[in-house]
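Let me begin by presenting the structure, written as structure tokens, before commenting on it.
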Amino acid sequence: MKIKCVIIDDEPLAIKIIEKYLSEFQNFELVASFNNPLMALTTIKENNIDVIFLDINMPKMNGLEFVKNLEFRPNIVITTAYREYAVDSFTLDVLDYLVKPIPFNRFLKTINKITQQIYLQRGLSKTHIEDDSHIFLKVDKKLVKIKFDDIYYIESLKDYIKIFTATGDYLVHKSLTSITEELPKNNFLRIHRSYTIAIDKVKSVEGNLIEVHSKRIPIGRKYVNHTKRTILRTD
């Protein structure tokens with residue numbers, strides 16, 4: 001499980017320290033670092049960022065104002081030299097508040113807190129890392145084990161996804177993009193903005209329709225070429 005991060009800080013040295021700390025953790029992926037919060041908006045939106053390490057006192061936009069204006073809000077870890085912003089920060093539901101200079105042992109506590117939070121948000125159990133034949137997802141307030149081999153296809157339903165499997169259907173509070181990234185790429189393929197399928201469960205392809213478990217699923221226009229190449233190569 002990769003946890004995607006962005007650093008926003010106008011101090012180059014502060015960025016380098018956090019970059020060095022993050023490099024110690026293999027499951028954390030630093031997508032980009034920025035010295036201007038406005039420059040980070042596109043990256044945050046397009047890359048499903050999990051965590052932002054965010055300074056407060058920056059030119060052009062204060063870090064807390066930046067948080068208030070985020071349309072999509074990842075987990076926020078404040079990194080600042082000032083203790084007095086702590087109360088205001090936690091009223092914005094930030095995950096943690098680090099005061100510079102940040103000792104590594106304090107940063108490690110934040111890493112553990114982030115990891116636990118991401119497990120909860122993704123509905124994952126740590127056991128999914130040890131066994132890649134299944135995934136645990138939160139369904140009706142409990143973690144349910146779903147085997148990859150049992151999955152037929154997944155449909156996006158706004159803020160939820162519905163997973164159709166050999167053992168039943170499951171409604172999960174998660175995005176289709178997020179779940180697709182967590183599935184084995186050799187057997188799961190996104191073919192439409194609303195559908196991801198198990199390649200080995202495909203029964204037939206007719207025009208721009210794919211039949212999976214008696215369901216005829218449309219292939220989105222931007223997915224057509226890649227989908228057909230992948231399925232033909234697999235077959």
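Numbers below:
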| read-out | value |
| --- | --- |
| Antiparallel bridge percentage (DSSP; both residues within the chain; nearest 5) | 65 percent |
| Spin-label model distance (nm) - His213 vs Asn36, 7 Å beyond Cα toward Cβ | 4.8 nm |
| Extreme residue, positive dipole direction of the range 74-121, given options Tyr85, Leu108, Tyr97 (C-beta unit charges) | Leu108 |
| Highest-fluctuation residue, Val224, Val87, Val139 considered, GNM on the chain with Cα pairs under 10 Å | Val87 |
| Calculated SAXS-style log₁₀ I(q)/I(0) at q = 0.13, 0.20 Å⁻¹ - the range 131-234, Debye, Cα scatterers | -0.43, -1.01 |
| Computed over the chain, Kirkwood Rh from alpha-carbon pairs, angstrom | 19.6 Å |
| Per-residue Cβ neighbour rank within 10 angstrom, fewest leading, His134, His192, His226 | His226, His134, His192 |
| Euclidean distance of C-alpha centroids, the range 103-119 and the range 188-210, integer Å | 38 Å |
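FYI, it's all coordinate maths here, none of it is from the lab. As the structure is a prediction and not an experimental result, all values here were calculated from the model. With ideal geometry, Cβ positions are generated from the backbone for all residues, glycine too; neighbour counts draw on all protein chains shown.
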